[in-house]
Each structure stands twice: as structure tokens, then as C-alpha cells.
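The structure appears below as C-alpha cells.
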Amino acid sequence: MTQEATIYHGGSILGLNHASDIDEALLVVGQRIRGRGSLDDMRALARSGASEMDLEGGYLLPGIVDSHPH
């Protein structure tokens, strides 16, 4: 079974390590982050067939989903 790959780019992709932790692109395969860095690097890492989502200047930041809140 092949998992769908998506490259997010075209905006600010924020990490949680430091205020200046901003990347150009993020690669997601299935439900997991597989890489972050330059758009060219993420395209090479994904190989062919990855869809691309242009953030149109927006922001993408990590989220934590707690499936069992109290």
C-alpha cells in the first residue's frame, strides 16, 4: 500500500525549537512528517507523485492532537 505524499510550501512553516525555526517546505507522507527544508530538497525526498499544497503566504505550524482528553 502506497501512502499519499504532500509537500506544503509557499508560506512560513514554523517549528517549535526556536523563534527563527522557519522552513520553506514540509513533506508529509501518510500522517507523518518526513522532512522539512528547501522545496527542492523536499521534492527530491518525495520523488515523483507527491501532491503540492501552496500555502499562498500563510502559516503552517505543528499541532498536537490528544485523542483522550480529560
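Details
- Failed item in (1) part of a loop (DSSP other than H, G, I, E, B); (2) in contact (Cβ under 8 Å) with a residue 40 or more places away in the chain, with I13 passing the rest: (1)
- Within region 9-45, the residues that satisfy the criterion of being closer than 21 Å to V65 by Cα and touching an Asp or Glu at 6+ places or on another chain (Cβ under 8 Å) are I13, L14, G15, V29, G30, G35, R36.
- Of everything in region 17-39 that is small (G, A, S) and assigned to a strand (DSSP E or B), the residue that is nearest to Q3 (Cα to Cα) is G35.
- Some residue of region 40-61 being of a type in the set (F, W, Y) and either outside any strand (DSSP E or B) or surrounded by 11 or more Cβ atoms within 10 Å (Cβ to Cβ) (or both): no
Values quoted throughout were computed directly from the atomic coordinates according to the rules given, and no laboratory measurement underlies them. Keep in mind that this is a model prediction, so the values were computed, not measured. Using ideal geometry, Cβ is built from the backbone for each residue, glycine included, and neighbour counts are taken over all protein chains shown.
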